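Participant: First, the structure itself, so that you have it in front of you.
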Amino acid sequence: MAKEMLTVLDRPLIQHAVDEAAKAGIEQFIFVNGRGKHAIDDHFDLAFELERTLELRGKTVELGRSREMVPAPGNVISVRQQQPLGLGHAVWCARHAVGNEPFAVFLADDLVMGDDPCIGQLIRQYEKTGGNVVAVQDVPREHTNRYGVLDVGEDDGHIAEVKGLVEKPEPEVAPSTLTIIGRYILLPQIFDHLESQKPTVGNEIQLTDAMAQLIGGSPFHGLRFTGTRFDCGTKLGFLQANLAYGLRDGDVGAELAAFAKNELSNKG
Ligand code: G1P
């Protein structure tokens with residue numbers, strides 16, 4: 001199944017991403033889907049049979065929730081990526097739908113928990129400095145080969161000027177331990193660079209390579225965001241996300257905490 005349809009607490013990862021975006025004022029959504037990802041488009045459609053059943057059973061709260069999840073008509077565009085050629089290629093596939101304006105990129109398997117939506121923090125930074133803004137976090141040096149890594153210029157501990165970018169460098173050669181997570185604000189000029197990108201790391205067309213070519217032409221910053229990021233593309237990250245969201249949930253949090261404590265004490 002599409003990993004974006006995996007559920008954390010009570011909604012698929014893709015819904016968490018859309019909720020985060022909507023909370024930050026984003027109204028139009030473009031989904032770049034590969035083969036076999038119909039479930040994503042269907043998820044954002046009206047669920048006629050489900051809603052009719054909920055109506056008949058008088059389940060108004062659930063009915064409200066189901067309707068809430070559907071963006072306004074005309075605000076969802078679905079674009080097909082015919083071949084899995086990499087993240088850079090996926091973003092390039094959306095070029096006509098995006099048009100000539102700055103846009104946000106979400107990698108839905110990166111889930112960011114927090115009251116202040118991560119993408120909203122990037123948008124505020126963009127409003128101050130313009131240019132490209134990426135969400136960054138410090139990682140242990142042995143993990144640099146999992147991420148896009150910044151070569152850092154001026155850095156006030158919150159905003160870091162991006163002097164260079166390298167995709168998945170080995171720890172010995174990584175320019176820093178400040179890495180990109182799946183939230184970006186990009187200028188449309190990125191599409192010109194994506195157009196001619198050749199595959200590199202993992203034999204994929206990398207967004208990081210195209211971003212590196214934007215440096216110098218316009219401001220480029222990394223923002224250490226407030227919030228907790230879970231890599232839901234891994235078993236551990238996915239479980240951690242469910243636990244963290246579950247423990248904070250009004251309906252199940254207290255019982256889950258009691259269960260978790262009990263499990264931990266049984267484990268010794
Ligand atoms: C992608 C990007 C990488 C970024 C990461 C964040 O890698 O290529 O630059 O740091 O997402 O999750 P992927 O996780 O798809 O290998």
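Participant: I need a count of the residues in region 164-183 that are of a type outside the set (G, A, S), surrounded by fewer than 16 Cβ atoms within 10 Å (Cβ to Cβ) and within 14 Å of N132 (Cβ to Cβ).
Facilitator: The number of residues fulfilling the criteria is 0.
Participant: I'd like to verify a number: residues in region 100-158 that are within 16 Å of the ligand (Cβ to nearest atom) and aromatic (F, W, Y), how many?
Facilitator: The qualifying residues number 2.
Participant: A further question on this structure: Take the residues in region 191-205 that are crowded, with 18+ Cβ neighbours inside 10 Å and either touching a residue at least 24 places away in the same chain (Cβ under 8 Å) or charged (D, E, K, R) (or both), then tell me which one is nearest to N145 (Cα to Cα).
Facilitator: So the residue we want is E204.
Participant: Can you tell me how many residues within region 52-105 are among the aliphatic types (A, V, I, L, M) and loosely packed, with under 10 Cβ neighbours inside 10 Å?
Facilitator: Selection size over region 52-105: 3.
Participant: Of all the residues that make up region 15-50, how many are part of a helix (DSSP H, G or I) and either of a type outside the set (D, E, K, R) or surrounded by 16 or more Cβ atoms within 10 Å (Cβ to Cβ) (or both)?
Facilitator: 13
Participant: Take A108 and tell me if it is closer than 29 Å to L9 by Cα and surrounded by 14 or more Cβ atoms within 10 Å (Cβ to Cβ). Quick ask: steps written out before the conclusion?
Facilitator: On the way: closer than 29 Å to L9 by Cα: yes; surrounded by 14 or more Cβ atoms within 10 Å (Cβ to Cβ): yes.
Spelling it out, A108 is indeed closer than 29 Å to L9 by Cα and surrounded by 14 or more Cβ atoms within 10 Å (Cβ to Cβ).
Participant: Scan region 137-164 and report the pairs whose first residue is within 15 Å of F225 (Cβ to Cβ) and whose second residue is part of a loop (DSSP other than H, G, I, E, B) and more than 10 Å from the ligand (Cβ to nearest atom), with Cβ atoms within less than 6 Å and a gap of 6+ or a chain change.
Facilitator: As it stands, the answer is D138/T177; V139/T177; L150/S176, since those pairs meet every condition given.
Participant: A follow-up question, please. Modelled with pLDDT under 95 and more than 16 Å from the chain's Cα centre (by Cα): does that describe E4? Before you say what the answer is, go through the steps one by one.
Facilitator: On the way: modelled with pLDDT under 95: yes; more than 16 Å from the chain's Cα centre (by Cα): no.
In short, no.
Participant: For region 206-215, check the following and say yes or no: at least one residue is at pLDDT below 95 and surrounded by fewer than 19 Cβ atoms within 10 Å (Cβ to Cβ). Let's see the steps before the verdict.
Facilitator: Filtering region 206-215 down to residues at pLDDT below 95 leaves none.
No, the conditions are met nowhere in region 206-215.
Participant: Pull up region 216-227, narrow it to residues that are surrounded by 18 or more Cβ atoms within 10 Å (Cβ to Cβ) and among the small types (G, A, S), then point me to the one that is farthest from G131 (Cα to Cα).
Facilitator: Among those residues, the one meeting the criterion is G227.
The values are calculated or read from the model by the stated rules, or taken from the named source; none is laboratory data. The structure displayed is predicted, hence computed values, not measured ones. All Cβ positions, even for glycine, are placed from backbone atoms using ideal geometry, and neighbour counts span all protein chains on display.
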